[in-house]
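Only the coordinates and a few stated rules stand behind these numbers; no lab work does. From a predicted model like this one, the values you see are computed outputs, not experimental measurements. Note: ideal-geometry Cβ built from the backbone for every residue, glycine included; neighbour counts use all protein chains shown.
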Amino acid sequence: MAPTSLADLIAALPEGDGWGPPTITDTTLNGVPYAPFSKGDKLGRMADWTADSKDSRDGRGGRQQYNRNYRDQQIYGAGSNALFTAPVAEADENTFSVVSRETTKTRYGRGAVFTRGRGQRGARQDNRGGRNQPQRPGRGGSQGYGYDNRGGRSNAPRGRRFGWKDYDKPTRNRDASINIKADWQLLEEIDFNRLAKLNLETDDGEDMDAYGFLYYYDRSYDKPPVKTAERRLVPLDRAAYNVTTSSDPVIQELADKDEATIFATDSILSMLMCSTRSVYPWDIVIVRQGNKIFLDKRDNAALDMVTVNENAADAPAESTDGNKDGINQPGALAEEATYINHNFANQVVLENETNKVEMPHENPFYNASEETEPPASKAYKYRRFDLSTSEEDPMYLIVRTELDAVQKNAISGDDQFVTVKALNEFDNKAQGSGGALDWRTKLVSQRGAVVATEMKNNSVKLARWTVQSILSKADVMKLGFVSRANPKSNDKHIILGVIGWKPKDFANQMNLSLSNGWGIVRTIADMCLKREDGKFVLVKDPNKSILRLYEVPAGSFDEDGEEETVPETVPEEE
């Protein structure tokens, strides 16, 4: 290689003042160096000099959040904190020691060790004033018996927890229950906060007429089952009906007599009264004819199905959200719960033609010449409620309520009307179980905890059942607890027990306000009465706590299948 002269080296230097390599623009902004970052990063601090030490203090990444495992290897510029970290001489650190003759105190109070490790994370013991609360070992210091800080049972197996740190969890978008057409006119949009403030006091209602018959309830189901003899849920073919309001001949007859202004069934009315608790989408068709309003439902509507864990913090996920277990998806669970409720109500009654309670009229929907199955034990009571706000403006509502059985009062011997419903357990270890206990082992010993968890996870379902029982003026509401014989199969079930409550006492436990529900019904009715005759649809937004009232063209739901088009997806807004 030929020697290079000093003149050649000087000529190769870059032009301009300064020394060293040339300044590049890849890591500078207006000449100022900066650390590269990813657009997906959430900026919490302008500078965090201790981030590396916190993340690596115990090898588990103290700042890791939901879905952020191995995130540092994936994002651009993730290791830039090392650029600003002051160098530490490892040799100096290793030889450092504290010179002291005093012994290190590791115990504070009686039996309490102050640690910040995994076993006591967040369980800092309060020793002010010499007081100390004994802690049980385990995560959070509350493992064992009792409840933990998240409201669930601390010794119950559960999936991943959801809490305040899950601000970046993926949004779950649900489809609307009905396709919103372009020619529908939006009249009102009401959020749940406004609905929750409504209030209307009303009476207990009066009976207008009663149809059908009731068998007596089998009290043997109230006793705890014997382990060696489990009661299986047996499917029984009985004729049951779920006729919408405008197709009910009795309601049409009462409407012709001008007995009321608003007409509904207990299923539709309870959904409207408990709408502020609902999470899943639903819709109600409202028809105004003259000065009368009919609250209807579409065939195979969403509110006909019995939901499962709708109000759980981590509700059952759809297949699109990564749930590969088909039988534990919301749709499959709803079909299973509806099937269980239908058969459970038929199984817990004593079918005896000589020992049953007959109503004044026969079942209005059963036709013996056409039906091949015997009618189910069911009584339909048509009851009227006064929703008037003043004597000058009277408004009455007639609702068709249902009763499932009758039983003798243990003291007086009088007949008591009973409604029968069933809660179902699918898999307490699966995603979407909501931290539920194992019913087989806990239903007898910890019944209160089991019911409290169900009130939290199925708030809207239990509220609807309670409202239906109060509307029908039932004396007792029986709740059955039905579990799968095998958690991996949804076709065989076992009845674990039945618990009875007075409907109004159960409503108080759930903090359920009927006056708020009546206020919602009156408000929606007034909105429709201000309009001309026509058809309206009240839609629950699939992802927001909002009700929307649309005016639709006449005949919108007359053609079969028109409403079965693919519903639109509304993205959820945090």
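Here are the numbers for the structure shown:
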| quantity | calculated |
| --- | --- |
| Segment 265-369: relative contact order as a whole-number percent, Cα under 8 Å and 6+ apart | 18 |
| Compactness of segment 283-326 as Cα Rg over 2.2 N^0.38 Å, two decimals | 1.79 |
| Where the Cα pairs of segment 454-526 fall when distances are cut into 5 Å bins, in % | 3, 14, 20, 20, 16, 11, 9, 5, 3, 1 |
| Dipole in debye (nearest 20) - segment 216-273, about Cα centre, beta carbon charges: Lys, Arg +1; Asp, Glu -1 | 660 |
| Under 5 Å, built H, 5+ apart or other chain: amide partners of residue 424 | 482 |
| With eigenvalues of the C-alpha gyration tensor scaled by 5 and rooted, segment 381-490, Å | 34, 19, 12 |
| Dipole magnitude of segment 463-556, debye to nearest 20 (Cβ charges: Lys/Arg +1, Asp/Glu -1, about Cα centre) | 300 |
| Size of electric dipole in segment 299-397: Cβ of Lys, Arg +1 and of Asp, Glu -1, about Cα centre, debye, nearest 20 | 300 |
| Tensor-based shape of segment 383-431 (alpha-carbon gyration tensor, a/c under 1.5 rounded, otherwise prolate or oblate) | oblate |
| Gyration tensor (alpha-carbon) shape descriptor, segment 207-325, a/c threshold 1.5 | oblate |
| Fraction of alpha-carbon pairs over 17 Å apart in segment 432-559 - percent | 71 |
| Cβ-based charge dipole, segment 174-281, positive-most Cα from 269, 243, 179 | 179 |
| Protection-proxy order for peptides 525-534, 286-295, each taking the mean of Cβ atoms within 10 Å per residue, highest first | 286-295, 525-534 |
| Cα-only radius of gyration and Dmax that characterise segment 300-358, units Å | 16.4, 54 |
| Normalised alpha carbon radius of gyration of segment 345-407 [divisor 2.2 N^0.38 Å] | 1.57 |
| Two-decimal log10 I(q)/I(0) for segment 281-419, as the Debye equation yields it once each C-alpha is a single scatterer, q = 0.09, 0.12, 0.20 Å⁻¹ | -0.48, -0.82, -1.28 |
| Using distinct alpha-carbon pairs, which all enter the 1/r mean, Kirkwood radius of segment 259-314 in Å | 12.7 |
